[in-house]
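**Q** I have a structure here, written as structure tokens, and I will follow up with some questions on it.
The values are calculated or read from the model by the stated rules, or taken from the named source; none is laboratory data. All values reported here derive from a predicted model rather than from experimental measurement. All Cβ positions, even for glycine, are placed from backbone atoms using ideal geometry, and neighbour counts span all protein chains on display.
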């Protein structure tokens with residue numbers, strides 16, 4: 001498995017080897033040894049797994065969790081294709097305000113690690129796209145916040161040729177600037193400390 005650090009501090013892309021044969025193929029979307037080498041510590045204890053099914057054009061996010069408690073994620077695309085996006089919304093982060101995106105499809109089968117405190121969004125590029133998640137914490141409605149994915153200040157790579165389909169919640173999400181003004185964005189140092197506790201070892205710089 002190959003690992004690549006993304007433009008957002010602490011976010012990592014993973015690309016597994018694909019083993020095709022006349023029956024289909026076999027892949028391992030998560031591999032502990034490769035994760036530890038890239039991240040500097042083991043994956044968080046998994047508290048919940050999620051599974052979403054989306055049609056082409058669906059935009060989910062930008063979602064994030066109040067920190068603390070904070071939630072880390074490991075995400076891959078089990079079917080279809082999506083552009084998965086990480087946004088650094090952690091105040092004080094060296095990459096604050098930056099984003100990076102990973103194409104997840106059925107050719108390369110990439111996965112992505114989202115550290116505590118960042119924002120997460122994705123755009124489904126075809127019908128019946130399935131995204132699967134491992135999370136460090138369970139769902140608590142009052143801790144889940146959102147920024148508007150179409151906020152020009154974020155400048156996310158959402159194809160203007162695709163009519164975006166957003167949930168009612170995401171349509172009324174506030175802007176990045178408004179969330180910062182209201183003090184709703186996670187703190188970088190706090191997020192990193194929570195991540196250290198989750199892994200049980202120091203997180204690489």
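Every residue, every condition in (1) farther than 30 Å from residue 20 by Cβ; (2) without any contact (Cβ under 8 Å) to a residue 60 or more places away in the chain, yes or no:
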position	(1), (2)
75	no, yes
84	no, yes
88	yes, no
93	yes, no
97	yes, no
103	no, yes
106	no, yes
114	no, no
121	yes, no
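**Q** (1) in a loop (DSSP other than H, G, I, E, B); (2) at negative phi; (3) crowded, with 20+ Cβ neighbours inside 10 Å; (4) in contact with a helix residue (DSSP H, G or I) (Cβ under 8 Å, 6 or more places away or on another chain): which one isn't true of residue 117, the others all being true?
**A** (2)
**Q** Of the conditions (1) modelled with pLDDT under 95; (2) in contact with a strand residue (DSSP E or B) (Cβ under 7 Å, 6 or more places away or on another chain); (3) more than 30 Å from residue 35 (Cβ to Cβ), residue 139 fails just one. Which one is it?
**A** Looking at each condition in turn, residue 139 falls short on (3).
**Q** Here's a follow-up. Could you list, in sequence order, the residues of the range 155-186 that are part of a loop (DSSP other than H, G, I, E, B), under 18 Å from residue 117 (Cβ atoms) and more than 19 Å from the chain's Cα centre (by Cα)?
**A** 182, 183
**Q** Let me ask something else about it. Here's a check for you: in the range 120-154, which residue that is within 15 Å of the chain's Cα centre (by Cα) and part of a loop (DSSP other than H, G, I, E, B) is farthest from residue 43 (Cα to Cα)?
**A** 149
**Q** Evaluate the following for residue 130: is it crowded, with 21+ Cβ neighbours inside 10 Å and either modelled with pLDDT of 95 or more or more than 17 Å from residue 185 (Cα to Cα) (or both)?
**A** no
**Q** Could you identify the single residue in 166, 145, 198 that is surrounded by 12 or more Cβ atoms within 10 Å (Cβ to Cβ) and farther than 22 Å from residue 69 by Cα?
**A** Answer to the check: 166.
**Q** Yes or no: residue 29 loosely packed, with under 15 Cβ neighbours inside 10 Å and either at pLDDT 95 or above or out of contact with any helix residue (DSSP H, G or I) (no Cβ under 9 Å at 6 or more places or on another chain) (or both)?
**A** No: the conditions fail for residue 29.
**Q** When you check residue 123 against the structure, is it at pLDDT 95 or above, crowded, with 20+ Cβ neighbours inside 10 Å, under 12 Å from residue 70 (Cβ atoms) and in contact with a strand residue (DSSP E or B) (Cβ under 7 Å, 6 or more places away or on another chain), yes or no?
**A** no
**Q** Before we move on, is residue 100 surrounded by fewer than 21 Cβ atoms within 10 Å (Cβ to Cβ), under 26 Å from residue 34 (Cα atoms) and touching a strand residue (DSSP E or B) at 6+ places or on another chain (Cβ under 9 Å)?
**A** Against the criterion (surrounded by fewer than 21 Cβ atoms within 10 Å (Cβ to Cβ), under 26 Å from residue 34 (Cα atoms) and touching a strand residue (DSSP E or B) at 6+ places or on another chain (Cβ under 9 Å)), residue 100 qualifies.
**Q** Still on this structure, I have one more. Regarding residue 139, is this residue under 19 Å from residue 195 (Cα atoms) and either touching a helix residue (DSSP H, G or I) at 6+ places or on another chain (Cβ under 6 Å) or crowded, with 23+ Cβ neighbours inside 10 Å (or both)?
**A** When the stated conditions are applied, residue 139 does not pass them.
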